[in-house]
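What follows is a short report on a single structure.
The values are calculated or read from the model by the stated rules, or taken from the named source; none is laboratory data. Everything quoted here is computed from the prediction, not taken from an experiment. Backbone-built Cβ (ideal geometry, glycine too); neighbour counts: all protein chains shown. Keep in mind that these areas ignore ligands, DNA and RNA; they rest on the heavy atoms of the full protein, side chains included. Shrake-Rupley method; radii C 1.70, N 1.55, O 1.52, S 1.80 Å.
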Amino acid sequence: MSDLRMDSELSVRRRMAGLLPGSETPIVPKKSISGRALVAVVSIMTFLASLTIGAVMLVRAAANDWQSDISREVTIQVRPESGQDFEGQVERAIEIAREFPGIGEVRAYSKEESARLLEPWLGSGAALQDLPVPRVIVVRLAPGATPDLALLRKLLTERVAGASLDDHRAWMDRMRAMANTTIFGGIGLLLLMLVAMMMSVAFATRGAMAANRPIVEVLHFIGAKDSFIANQFQRRFLVLGLEGGLIGSGAAIVLFILMGLAGKWGVGLPGGEQLAMLFGTFVLGVEGYAAIVAQAGLIALVTALTSRHTVHQTLRTVE
């Protein structure tokens, strides 16, 4: 029995001498194909997650701007009525709006401006002089004022034939619902990316442990604590996660900067104006860029913790 025990100890020492020669060697090699592949996966995931965060923040900012503008503006529409002086009815509606408390600015669209509003549907060559085209009056509320729009609507209905007031509440509800849907969809997409990345990290950790199984078994056999082995993997995967996170977030920041410059160059063009209305000027601001950088640190932390958990789960199977 004594000879058998000595042979076993000698075998262990030989294995350790062959696996850990000379100077101290890390359990997880710093350069490996699996490590490079994991950095690439984390970079791609971080890049996509950063794009999602940026898009959500841009849509939210644009929706807030839309709601702010629309909430400070109402529209009066005067339809032509038979037997009524149409221009007189328009002037009366303007006068009632200007005299109403809490109203800051009143502007009526001209006939030409009203016709241009219908061009996308009727075309530029349509003869609109024979059509009962309503006149639109834009009313902006005074800063900080909360006028009684219900009373204004009642006054217009009673005193002006064919007049109606639209406070754009339906549009605000739709925009709010669209913005909330985009935000929740972005959060769901981020969670899916996080789950996919955690699965990739767990798979890479198991692969690294399989590749270094002799070292892990020897350390485990001579009494090394599971926390010691897990710390080796955790530190290595923390570096890999941080490297991949910085690459992905850096690429996303560069892309958003280029998109912001392209948005400024596209000012005045039809396509550029439409994109500006949807997403603003593609400028995230300090808050947006800080969120992307913070996300890189969070991904590195999640990568390290996932690796540590995987190591502990795997070591439980080692006898």
Of (1) modelled with pLDDT of 85 or more; (2) more than 14 Å from Ala163 (Cβ to Cβ), Lys111 fails just (1)
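Where in the stretch 210-303 are the helices (runs of 4 or more DSSP H), entirely inside, with at least 3 residues that are modelled with pLDDT under 85 and of a type in the set (S, T, N, Q)?
Details: elements: 213-221, 226-265, 270-279.
Here the list reads 226-265.
Answer with yes or no whether Val254 is surrounded by fewer than 16 Cβ atoms within 10 Å (Cβ to Cβ), free of Cβ contacts under 8 Å to residues at least 24 places away in the same chain and within 36 Å of the chain's Cα centre (by Cα). Can you show your working first?
Numbers: surrounded by fewer than 16 Cβ atoms within 10 Å (Cβ to Cβ): yes; free of Cβ contacts under 8 Å to residues at least 24 places away in the same chain: yes; within 36 Å of the chain's Cα centre (by Cα): yes.
Answer is yes for this residue.
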In the stretch 131-141, anything open to solvent by less than 90 Å² (accessible area, probe 1.4 Å) and farther than 15 Å from Val106 by Cα is listed as Leu131, Val133, Pro134
Residue count, the stretch 160-214, condition closer than 30 Å to Val74 by Cβ and of a type in the set (Gly, Ala, Ser), comes to 7
Within the stretch 212-224, which residues are closer than 15 Å to Thr310 by Cα and open to solvent by 60 Å² or more (accessible area, probe 1.4 Å)?
-> Arg213
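Could you check, for the stretch 68-79, whether at least one of its residues is open to solvent by less than 20 Å² (accessible area, probe 1.4 Å), modelled with pLDDT under 80 and part of a helix (DSSP H, G or I)?
No: zero hits.
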Residue list for the stretch 142-166, restricted to those being open to solvent by 30 Å² or more (accessible area, probe 1.4 Å) and assigned to a loop (DSSP other than H, G, I, E, B) | Pro143, Gly144, Thr146, Asp148, Ala161
Is it the case that Gly188 is open to solvent by less than 60 Å² (accessible area, probe 1.4 Å) and closer than 30 Å to Trp66 by Cα?
-> yes
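Of Met178, Met209, Met199, which residue is of a type outside the set (Val, Ile, Thr) and surrounded by 14 or more Cβ atoms within 10 Å (Cβ to Cβ)? I'd like the intermediate steps shown before the answer.
Numbers: Met178 fails: surrounded by 14 or more Cβ atoms within 10 Å (Cβ to Cβ); Met199 fails: surrounded by 14 or more Cβ atoms within 10 Å (Cβ to Cβ).
Selected residue: Met209, the only one of Met178, Met209, Met199 that is of a type outside the set (Val, Ile, Thr) and surrounded by 14 or more Cβ atoms within 10 Å (Cβ to Cβ).
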